[in-house]
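Following this message is one structure expressed as structure tokens.
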Amino acid sequence: MKLTLPLFYLCFVAGLLAAITAPAPRYFDRTAAFQPDVATVVLLGVGTPVPHPSEFGPATAIVIGERVLLFDAGAGVMRRLAAAGLPINGVTATFFTHLHSDHTLGYPDVILTTWVMGRRTSLHVFGPPGLQRMTDHLLAAWSEERAVRVDGLERGTPNGYAVTVNEIAPGVVFEEDGVRVTAFAVSHGNWRHAYGYRIDTPERSIVISGDTAVSEELERVAAGCDVLIHEVYPVVRLKPEDRPGGELWPHYMRAFHTSDEEVGAIAVRAGVKLLILQHVVRMGGTDDELIAGVRRGGFTGEVVIGRDLARY
Ligand SMILES: [Zn+2]
Ligand SMILES: [Zn+2]
């Protein structure tokens, strides 16, 4: 059939109206496929600042029934949420461990892409002091787009990009239907505010280290938890780097991060059941070297090297 010009416009307008009036989609949302009310860990990105093609920026989802708690938002986080079958029009809440760029590069993606994908309610984010300022700057950076999306033919939801920022101190920061999230201070070099999180659910307790050097507070908070998700580097690979300032590299790593041997010792003392290693600063180290380091630290329990999109 040849489409006459008036008929073409009629179809165009009908399509546009259908798009405007359709209910907000929850694209890719397959949270129903997860065990109801059992907390599942989904590693969305296990990477570091290194733009590794198969290790996206740091991001971890904890899925409990329909609820999705997102911890950090590294580069590519929205693509990874889609790949994991999780909602791309807004998660239940987002928590930041600290404001290093590798953990926050996906934050504007979370704010804006969820909006474009149909978000209508405010995004709830939690994190250290400075998060409000970062959020204000991000919203300002994309201010030109908002008028185009809202007033133009896309008819974007006004205020669908809204963010409710909670700058938090250590303590219980989220509690809802038997799910509790507790922030605790960790030691990440000269960051004044860096947090780890403990997530308690009726079935499981999970601790996320964030970026940290050896932390007594983490060890105390992680005592008896089911799953410890911890950052790591292979100590046998640590040496000065061949670049200006590279002689300080080992000092930097010890002040900001935790070695495999140290993680092993922490996991033993905390009595964790499953240790998941992620945010691996490899320096050429292999998985076997990392596992051997954890064993030298004394941990004999289950330990895995995290991969993007793995579930536990
Ligand atoms: Zn990091
Ligand atoms: Zn960091």
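I'd like the full set of residues that are touching a helix residue (DSSP H, G or I) at 6+ places or on another chain (Cβ under 7 Å) and more than 16 Å from ligand 1 (Cβ to nearest atom), limited to segment 272-292.
LEU275, GLY284, GLY285, GLU289, LEU290
Now for a different question. Here are GLY85, GLY76: which of them is more than 21 Å from HIS230 (Cβ to Cβ), without any contact (Cβ under 8 Å) to a residue 60 or more places away in the chain and surrounded by fewer than 21 Cβ atoms within 10 Å (Cβ to Cβ)?
GLY85
Out of the residues in segment 99-110 meeting the condition of being under 22 Å from VAL173 (Cα atoms) and either surrounded by fewer than 23 Cβ atoms within 10 Å (Cβ to Cβ) or modelled with pLDDT under 95 (or both), tell me which one is farthest from ligand 2 (Cβ to nearest atom).
So the residue we want is LEU99.
Mind telling me which of the residues ARG295, ARG254, ARG269 ends up being among the basic types (Lys, Arg), free of Cβ contacts under 8 Å to residues at least 40 places away in the same chain and either closer than 19 Å to ASP211 by Cα or away from ligand 1 (no atom under 15 Å from the Cβ) (or both)?
Sole residue among the options that is among the basic types (Lys, Arg), free of Cβ contacts under 8 Å to residues at least 40 places away in the same chain and either closer than 19 Å to ASP211 by Cα or away from ligand 1 (no atom under 15 Å from the Cβ) (or both): ARG295.
Taking ASP136, is it among the charged types (D, E, K, R), within 19 Å of the chain's Cα centre (by Cα), away from ligand 1 (no atom under 16 Å from the Cβ) and part of a helix (DSSP H, G or I)?
no
Exactly one condition in (1) more than 28 Å from GLU55 (Cα to Cα); (2) assigned to a strand (DSSP E or B) is not met by ASN159; state its number.
(2)
Between a residue in segment 94-112 that is within 16 Å of LEU43 (Cα to Cα) and any residue that is within 11 Å of ligand 1 (Cβ to nearest atom) and polar (S, T, N, Q), which pairs come within a Cβ distance under 9 Å, given they are 6 or more apart or on different chains?
PHE96/THR104; THR97/SER209; THR97/THR212; ASP102/THR48; HIS103/THR97
A follow-up question, please. Working carefully through the options LEU70, LEU131, find the one that is of a type in the set (A, V, I, L, M) and farther than 23 Å from LEU309 by Cβ.
Criteria check complete, one pass: LEU131.
The values are calculated or read from the model by the stated rules, or taken from the named source; none is laboratory data. On a predicted model such as this, the values are computed, not experimentally measured, just so you know. No Cβ is skipped: glycine too gets one built from the backbone with ideal geometry, and neighbour counts run over all protein chains shown.
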